[in-house]
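One structure is given below, encoded as structure tokens.
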Amino acid sequence: MTKLFNKYGATTANWRASLRRNHRRTFFVIGLFFLIYLALGILIDLYIYSGSNLEVPLSRIFMALITFQVIPYATLITAAVALVSLWVTFAFHNKLILLGAEYHQVMADTARDHDEQQLYNVIEEMKVAAGLQFMPKVFIIEADYMNAFASGYSEKSAMVAITRGLMNKLNRDELQAVMAHELSHIRHMDIKLTLMATVLANIMLIVIDVLFWGVFFGRNQREGSGNWLVIVIIVLRFVLPLITVLLMLFLSRTREYMADAGAVELMRTNEPLARALLKIHNDHETNKEQYAQDYAKTPHESVRREAYIFDPMRAGIEAKSAVSDFFSTHPGIKKRLSAIGFTLKS
Amino acid sequence: MWIVILILLIALGAYIVMIYNQLIRMIEAVNNNEKEIDIQLDRRYKVFESLINVVRKYMDYEKSTLKDVVALRNQAQQSKASGDVKGHMGAENKISSILSGLNVVFENYPDLKANQNAMQLQEEIVSTENKLAYAKQAFNDSIERYNATKKSFFQSMVVSLFSGKLDFKFTYWQLDQDKIQEQEDYKVEL
């Protein structure tokens, strides 16, 4: 094995177990999201109904609401708002993701040179291995930094984009591993999932904000049970943003692990992916200053941050304070490597 | 009380329908993936023909090679038509070995190697073989998923209810024992 790995001990990757584990985690996070969302709707209904029925205890209003004796209008309206905004987001997302980047599309017969042909071939091979019905659109972004991402809310509208830097600095196998990672995002429908979570989270934060200011400026002469609600709303106003951010990040990291495991599943070897990840990581470390400028020069970089195979913030680029493991969309390089069977020697 | 039982029955029915549909999807995926192997085999044959034609310009690399490939191709198709799976796989595997011979030829002729067209052809060889291998892998993967689902608990009960429609025995794509031994013993001679 090459020098790249001299600090790591190599074993095989149990991608089946990894896929299962992260599948469970996703269920948990998404379920929690829906529960919070519903709870928020119920909270508004409770607030509204308790305002007009001051003498009825909260528990009775709550029971009436969830058994539909009283129609929970607010819950239904927030649900409808969520559905509409999800639809709108899905419809416009593909136009958004490449915003600001300098790119061009590669097709089977428009490859300009050997490298572009190879890229297209590699993706087509992975498409065959994944059993996808459609070939994703392939884009090359003209940039020196090494990164790639996948997008599209269905197999049909799927696309992968890759920077020129990544294409030039990786060999065929490593390129294939990166593409396997991206196609795994597509076949696991991660884009749909994260978009859905993002939209729900945003609506949730808007709703709690409106509710908070409503309580603040509304009749604050509440008695008995109503007071409870006011306290809950005020606490949620400050806690909910934190909770959603943590949930989103947990979800995103879970899906990264899944895509890594999926890449190993498609290639049946963990070494190329591990090599590619290390190379991308090291490359970002050595060219930190230059890449920081390059990333900053490309407008709307934040649209893509979560979608990238490698989060630039991981290498300290964009220099936001406290890049701790807790607040990152991607797991650290060591954790990702150990999840696919390359553990750091002590 | 009756309502509860009714709801439970409906839920059970929905669950069975779900499992049924899931298994049908998996069976069709296996069928489609099997056809994908044929598609890739066919594609490989076409790539080969043009490849050998290019290489021929540079050297005498066996006018007979093309004949061999054509012969093997016919043999493969015949055995496939007659349902002789072993013969079919054997012929296809022999085409693969001719391919690796071609790659060695590329290495031995610097002129050829430097040629941009030849480089692209070499990339084409690698990609073609990879696609074939990945198609086989995808086929086996879909069988694994189908078998695992079919044999797990609850699903297996549904399968026994509709065994005519849901119970199939797919064979994994694999080499026969002699071939495995032969590949195992194979060494590159330089």
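The values are calculated or read from the model by the stated rules, or taken from the named source; none is laboratory data. Not measured: the values here are computed from a predicted model. Methodologically, a virtual Cβ is constructed for each residue, glycine included, from the backbone with ideal geometry; neighbour enumeration extends over all protein chains shown. Surface areas here come from the heavy atoms of the whole protein model, side chains and all, with no ligands, DNA or RNA. Shrake-Rupley method; radii C 1.70, N 1.55, O 1.52, S 1.80 Å.
Here are the numbers for the structure shown:
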{"quantity": "Per-selection Kirkwood Rh - segment A:147-290 (Cα, Å, 1 d.p.)", "calculated": "18.3 Å"}
{"quantity": "Three-way shape call for segment A:30-177 based on the alpha-carbon gyration tensor, with the a/c threshold at 1.5", "calculated": "prolate"}
{"quantity": "FRET efficiency for A:Leu83 and B:Asp185, using Cβ-Cβ distance with R0 set to 60 Å, rounded to 0.05", "calculated": "0.45"}
{"quantity": "Span from the segment B:160-179 Cα centroid across to the segment A:106-161 one, whole angstrom", "calculated": "34 Å"}
{"quantity": "Net length gained if the chain between A:Arg24 and A:Phe216 were fully extended (0.36 nm per residue, minus Cα distance)", "calculated": "65.1 nm"}
{"quantity": "Residue pairs, from the table A:Lys7/A:Lys334; A:Lys137/A:Lys279; B:Lys131/B:Lys187; B:Lys46/B:Lys179, whose Cα atoms sit over 21 Å apart", "calculated": "A:Lys137/A:Lys279; B:Lys131/B:Lys187; B:Lys46/B:Lys179"}
{"quantity": "Using a Förster distance of 51 Å, the FRET efficiency for A:Asp115-A:Val232 (Cβ separation, nearest 0.05)", "calculated": "0.30"}
{"quantity": "Average partner coverage of B:134-143, which counts Cβ from other chains inside 10 Å", "calculated": "4"}
{"quantity": "Residues in segment A:19-51 that a label on A:Val70 would reach, taking backbone N under 15 Å of a point 7 Å out along Cα→Cβ", "calculated": "A:41-51"}
{"quantity": "Whole-percent pair-distance distribution, where bins are 20 Å wide, for the alpha carbons of chain A", "calculated": "28, 49, 20, 3"}
{"quantity": "Relative contact order (%) - chain A, alpha-carbon pairs under 8 angstrom, separation at least six", "calculated": "26 percent"}
{"quantity": "Surface share of carbon and sulfur [accessible, 1.4 angstrom probe, percent] for chain A", "calculated": "63 percent"}
{"quantity": "Volume in Å³ per residue [convex hull over Cα atoms, computed for segment A:164-208]", "calculated": "82 Å³"}
{"quantity": "Listing of segment A:114-144 residues, each with accessible area lower by at least 20 Å² in the full protein assembly than in the chain alone (probe 1.4 Å)", "calculated": "A:His114, A:Gln117, A:Asn121, A:Glu124, A:Glu125, A:Val128, A:Ala129"}
{"quantity": "Solvent-accessible area of A:Thr198 with every protein chain in place, 1.4 Å probe, in Å² to the nearest 10", "calculated": "50 Å²"}
{"quantity": "Estimated [θ] at 222 nm from DSSP helical runs (n ≥ 4, -39500 (n - 2.57)) normalised by residues in chain A, nearest 500", "calculated": "-21500 deg cm²/dmol"}
{"quantity": "Helical segments meeting 27 Å axial Cα length and Kyte-Doolittle -0.5 threshold in chain A (DSSP H)", "calculated": "A:15-52, A:73-97, A:190-217, A:225-267"}
{"quantity": "Area buried, chain B against chain A - accessible surface, total, 1.4 angstrom probe, square angstrom", "calculated": "1500 Å²"}
{"quantity": "Across B:Lys86/B:Lys165; B:Lys94/B:Lys150; A:Lys156/B:Lys35, pairs whose alpha-carbon gap is larger than 29 Å", "calculated": "B:Lys94/B:Lys150"}
{"quantity": "Relative packing of peptides B:26-38, A:117-129 - highest average C-beta neighbours within 10 Å first", "calculated": "A:117-129, B:26-38"}
{"quantity": "Cut-off under 5 Å, modelled amide H: who pairs with A:Tyr8 long-range", "calculated": "A:Lys345"}
